[in-house]
1. When the residues of the range 73-92 are filtered to those that are closer than 30 Å to residue 2 by Cβ and in contact with a strand residue (DSSP E or B) (Cβ under 8 Å, 6 or more places away or on another chain), which remaining residue is surrounded by the fewest Cβ atoms within 10 Å (Cβ to Cβ)?
2. Can you name the condition, by its number, that residue 9 falls short on among (1) more than 15 Å from residue 94 (Cβ to Cβ); (2) exposed (fewer than 14 other Cβ atoms within 10 Å of the Cβ); (3) within 13 Å of the ligand (Cβ to nearest atom)?
3. Looking only at the range 88-102, decide whether some residue is free of Cβ contacts under 8 Å to residues at least 12 places away in the same chain, outside any loop (DSSP other than H, G, I, E, B) and either over 25 Å from residue 15 (Cβ atoms) or touching a helix residue (DSSP H, G or I) at 6+ places or on another chain (Cβ under 8 Å) (or both).
4. What is the number of the single condition among (1) part of a loop (DSSP other than H, G, I, E, B); (2) in contact with a strand residue (DSSP E or B) (Cβ under 8 Å, 6 or more places away or on another chain); (3) free of Cβ contacts under 8 Å to residues at least 60 places away in the same chain that residue 39 does not meet?
5. Go through 59, 40, 76, 32 for me and flag whichever is more than 10 Å from the ligand (Cβ to nearest atom) and in contact with a helix residue (DSSP H, G or I) (Cβ under 7 Å, 6 or more places away or on another chain).
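What follows is calculated from the coordinates using simple rules that are stated; it is not laboratory data. Worth saying up front: this structure is predicted, and the values here are computed from it rather than measured. Positions of Cβ are backbone-derived with ideal geometry, glycine not excepted, and every protein chain shown enters the neighbour counts.
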Ligand code: 5GP
């Protein structure tokens with residue numbers, strides 16, 4: 001069936017500069033900014049600049065350069081926040097909500113990086 005990208009979503013507007021964001025990191029193909037409603041002391045969203053709805057869309061259609069850039073941007077944000085265990089940080093959780101069951105609110109690929117406290121159980125234990 002494929003994906004169709006809605007360019008009126010809020011992250012597309014951030015990328016076009018139509019609404020502001022608190023930028024954390026930017027590369028040729030990726031942008032990281034603070035979540036407007038943080039759920040942890042560090043809550044950063046990392047998005048590709050290209051029009052991808054979710055991770056499997058990105059994995060199927062992004063160029064190798066975009067995929068490398070995005071992956072490295074996520075690593076750079078972890079380093080910048082000082083949360084990588086390899087640098088003595090205390091770790092983080094990375095989440096990519098997708099579609100209805102994943103409870104994705106904004107239809108532009110983003111990973112959440114949550115850190116700065118123990119993030120708790122992976123999911124609510126509900127059958
Ligand atoms: P999702 O549920 O799609 O995985 O998460 C969307 C996230 O985007 C939420 O955590 C929400 O707080 C954040 N968000 C929604 N609107 C804005 C906005 O205008 N600016 C920023 N920085 N974050 C937003």
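1. 74
2. (2)
3. Taking every residue of the range 88-102 in turn, none turns out to be free of Cβ contacts under 8 Å to residues at least 12 places away in the same chain, outside any loop (DSSP other than H, G, I, E, B) and either over 25 Å from residue 15 (Cβ atoms) or touching a helix residue (DSSP H, G or I) at 6+ places or on another chain (Cβ under 8 Å) (or both).
4. With respect to (1) part of a loop (DSSP other than H, G, I, E, B); (2) in contact with a strand residue (DSSP E or B) (Cβ under 8 Å, 6 or more places away or on another chain); (3) free of Cβ contacts under 8 Å to residues at least 60 places away in the same chain, residue 39 is out only on (3).
5. Criteria check complete, one pass: 32.
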